[in-house]
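Beneath this line is the structure, given in structure tokens, with notes to follow.
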Amino acid sequence: MHDKLKKLASKARIDRFTRLPDILRIFLKDEAIGGKLILAAALLALLIANSPLVGYYESFWKQHLSVGVNQFIIDLDLRHWVSEGLMALFFLVVGLEIKREVIRGNLLKFKSAVLPIGAAIGGMVVPATIFVLINLNHPANLDGWAIPIATDIAFALAVISLLGRRVSSTLKVFLLTISIVDDIGAILIIGLFYGAGYELPALAIAAVIAAVLYAFRAHKYMSAPVFILIGLGFWLAIFNSGVHASLAGAFLGFLAPLNAPINRYSIAERLERLVLPISTFIVLPLFAFANFGVKLSFEGVQAPGASSLMWGIILGLFLGKAIGISLITWILVKLRMTRLPAHANWMQVIGVGFIAGIGFTVSVFIADLAYTGQPMLVNAAKLAILAGSTMSAIFGYFFLRYRRRIREVLDTEI
């Protein structure tokens, strides 16, 4: 009797975890919902920042919150709690997505991985090059070279989902994989170039914790709650190391065990089911609301070097992404190292390149790191990110929707 009750309880636990994705599947698979929430939050912040309520908005985010006991206290304002604390959940999801693609997805085999990896690298190098060339005469601006390399997965998939069956599923997977590789690049760049001076003891503690998680990844005592508890210690170590604390989430995503006993979800899968809706519906909209309170005025644009900064970001996102992705894809195909995604053509690849120019969330994240203590440049960068991402979204949408007409016009003119 006792054994039967244990089996029923085990089955109930499994059923509970299998039903949860069913309830959220419509929301979790439709990234357009997350993109719309982020856009709504950003627009609300923009409206408040240009209204009489701007004082309340700024004073709210400048409030400090202290967490800890005795000498171990972390004191940050609310905006930094969002960017360094809550954004760790977003990067955790990114890390889990990357790990899944590397182990089981499109990045597992060379033939399927070479195209999105090459396209993503082109989509990072060309925008960064455009930005640097435009800002050569303004050395203070060059810290923001990585701003136009980012692709916002939620927004990109939101735009492409509006096209419905006009875009094949293979092309959507191509865009998703490029975005994931792009995230790998962004994580590495943030960790290497946007640290605040590294503290070796804290880094050593973080390395020990990471080694423990790796060594005990398949141990019977390693469960999701234990992993989360150890993960909090890892975040604290990263926070004190000089590496941006949010990146702790990405490292934990890489370390989360993906294998599990039969009929049970792995720790990685359980974490993704728990954190994905929080990241999509709470963290990213909150980050957008905290960071897009930009004042629309000519004062910021007229600051020294602001014009070059803005053009570097706008052209990097709008043209750099499309040129980089399309050019490297063309080279790889011509060298016969790979081939286009099934049911896709060159016009669609160019359209995907434009849509990948939607930087938005991650671009703003990098802008805040690049120009810390320089509010005029941060303001100009955010305005440029809005402009460049909007142009990329609109042009990419219409390019994919009306690609046949565009091709006919080009053929006629040529």
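Among what's in segment 236-254 and is touching a helix residue (DSSP H, G or I) at 6+ places or on another chain (Cβ under 6 Å) and surrounded by fewer than 22 Cβ atoms within 10 Å (Cβ to Cβ), pick the residue that is farthest from Val93 (Cα to Cα).
Ranking the qualifying residues of segment 236-254, first place goes to Asn240.
Sort out for me the helices (runs of 4 or more DSSP H) sitting completely within segment 242-358 that have 3 or more residues that are within 22 Å of Ala384 (Cβ to Cβ).
It comes to 284-291, 298-301, 306-315, 321-334, 346-355.
Among (1) modelled with pLDDT under 90; (2) not in a helix (DSSP H, G or I), there is one condition Leu37 misses while meeting the rest; what is its number?
For Leu37, the failing item is (2).
If only one of Thr151, Thr170 is touching a residue at least 24 places away in the same chain (Cβ under 8 Å) and not in a helix (DSSP H, G or I), which one is it?
Thr151
Do you know which of the residues in segment 62-96 that are of a type in the set (Val, Ile, Thr) and in a helix (DSSP H, G or I) is farthest from Gly253 (Cα to Cα)?
Ranking the candidates gives Val82 first.
Taking the conditions exactly as written (crowded, with 21+ Cβ neighbours inside 10 Å and within 18 Å of Lys99 (Cβ to Cβ)), does Asp182 satisfy them or not?
Spelling it out, Asp182 is indeed crowded, with 21+ Cβ neighbours inside 10 Å and within 18 Å of Lys99 (Cβ to Cβ).
Is it true that Gly312 is more than 25 Å from Leu37 (Cβ to Cβ), of a type outside the set (D, E, K, R) and surrounded by 17 or more Cβ atoms within 10 Å (Cβ to Cβ)?
Yes; evaluated as a whole, the condition is true for this residue.
Exactly one condition in (1) of a type outside the set (Lys, Arg); (2) within 17 Å of the chain's Cα centre (by Cα); (3) on the phi > 0 side of the Ramachandran plot is false for Phe287; which is it?
Against the list (1) of a type outside the set (Lys, Arg); (2) within 17 Å of the chain's Cα centre (by Cα); (3) on the phi > 0 side of the Ramachandran plot, Phe287 comes up short only on (3).
Pairs, please: C-beta under 6 Å, at least 6 apart or cross-chain, first residue part of a helix (DSSP H, G or I) and in segment 114-132, second of a type in the set (Phe, Trp, Tyr)?
Note: pairs meeting the criteria are Ala128/Trp145; Phe131/Trp145; Val132/Trp145.
Residue by residue, here is whether (1) in contact with a strand residue (DSSP E or B) (Cβ under 6 Å, 6 or more places away or on another chain); (2) surrounded by fewer than 20 Cβ atoms within 10 Å (Cβ to Cβ); (3) hydrophobic (A, V, I, L, M, F, W, C) holds:
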| site | (1), (2), (3) |
| --- | --- |
| Lys62 | yes, yes, no |
| Gly68 | yes, yes, no |
| Leu76 | no, yes, yes |
| Leu92 | no, no, yes |
| Gly95 | no, no, no |
| Lys109 | no, yes, no |
| Leu115 | no, no, yes |
| Ala120 | no, no, yes |
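The values are calculated or read from the model by the stated rules, or taken from the named source; none is laboratory data. Since we're looking at a predicted model, the values are computed, not measured. Glycine gets a Cβ as well: all are built from the backbone with ideal geometry, and neighbour counts include every protein chain shown.
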